[in-house]
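The values are calculated or read from the model by the stated rules, or taken from the named source; none is laboratory data. Computed from a predicted structure; not experimentally measured. All Cβ positions, glycine included, derive from the backbone under ideal geometry; neighbour counts span all protein chains shown. For accessibility, only protein heavy atoms count, side chains too; no ligands or nucleic acids. Shrake-Rupley method; radii C 1.70, N 1.55, O 1.52, S 1.80 Å.
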Amino acid sequence: MDALNFPSYSFHIQDEGRKKMIFDIARKKFVALTPEEWVRQHVIHYLHQDKNWPVSLLAVETAIRFQGMLRRCDLIGYSGMTPKLLVECKAPGVKIDKEVVAQLARYQSVIQVPWLLISNGLLHLNLHLDDSGKLEMADELPDYSLLSAGM
């Protein structure tokens, strides 16, 4: 897999038949190593190791219902039972464009979190919903301790 725009992390990768598998520390199992999964695993490790997010509060591929249709969010970060972060991961070759932002906005209309992250592993878009309900760009995500304190 290609190098991504994240710090270096240690992953457990193994071959299973003809495909590579990567251990997901959030789901506690091996999953198929696709380009999008490579990005998701980097995001999970980034949130856990660099932003101090407890792995037990990261939900992967959570099903939500949007306009009667079942959709799957790549990653939701919780503080207790409250969702605080919504993440959409794309493969490195996928451009982060208005279609991807619109997809995350649809999920946001259901989940309603203060922080959003879109990443293709090379480009990261951090968004924050301010107190007036306006979505604004942020340089980076806050540490989990700040999010869990109500930021």
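Annotation: amide H of Lys20 within the under-5 Å range of Leu33, sequence separation 5 or more or interchain, hydrogens built in the peptide plane.
Helices in the chain, meaning DSSP H runs of at least 4 residues, each add -39500 (n - 2.57). Divided by all residues, the mean residue ellipticity at 222 nm is -6000 deg cm²/dmol. Note on the chain: Lys pairs 8 or more places apart or on different chains, Cα atoms under 30 Å apart, count 29. Calculate how steeply helix 35-45 sits against the longest principal axis of the alpha-carbon atoms of the chain, using the helix alpha-carbon long axis, and give the answer as 0 to 90 degrees to the nearest 10. Approximately 70 degrees, to the nearest 10.
Along the chain, the exposed loop sites are trypsin sites (Lys or Arg not before Pro) outside DSSP states H, G, I, E and B with at most 11 other Cβ atoms within 10 Å, and the longest stretch free of them is 29-94. Couplings 3J(HN,Hα) of region 67-78, computed from phi: 6, x, 10, 7, 10, 10, 7, 4, 7, 10, x, 10 Hz, in residue order, whole Hz [Karplus 6.51 cos²θ - 1.76 cosθ + 1.60, θ = phi - 60°; x for Gly and Pro].
Heavy-atom accessible surface of the chain, averaged per residue, reaches 54 Å², computed with a 1.4 Å probe.
Taking amide H positions as modeled 1.01 Å from N, with prolines and chain starts lacking one, the residues under 5 Å from Leu122 and 5 or more places away or on another chain are Asn5.
Surface composition of the chain: carbon and sulfur atoms hold 52% of the protein heavy-atom accessible area at a 1.4 Å probe. Here the translational diffusion coefficient of region 68-151 follows from Stokes-Einstein with Rh set to the Kirkwood radius across Cα pairs; for 10 °C and 1.306 mPa s it amounts to 120 µm²/s.
Ranking Leu146, Gly121, Phe23 by Cα position along the charge dipole of region 2-150, where only Lys, Arg, Asp and Glu carry charges on their C-beta atoms, puts Phe23 farthest toward the positive end. Placing +1 on the Cβ of every Lys and Arg and -1 on the Cβ of every Asp and Glu, with nothing else charged, gives the chain a dipole about its Cα centre of roughly 580 debye.
Derived value for region 11-146: Kirkwood hydrodynamic radius 15.4 Å. Basis is the mean of 1/r over every pair of different alpha-carbon atoms. Helix 98-111 axis versus longest C-alpha principal axis of the chain: approximately 70°, rounded to the nearest ten. Listed values for region 90-97 are Karplus-derived 3J(HN,Hα) couplings in whole Hz (6.51 cos²θ - 1.76 cosθ + 1.60, θ = phi - 60°), namely 10, 5, x, x, 8, 6, 8, 10, and x replaces Gly and Pro. In terms of its C-alpha gyration tensor, region 26-90 comes out oblate, because a/c is 1.5 or above while a/b does not outweigh b/c.
Could you work out the mean projected area of the convex hull around the alpha carbons of region 72-118, in square nanometres to one decimal? For the Cα atoms of region 72-118, the hull's average projected area reads 3.3 nm².
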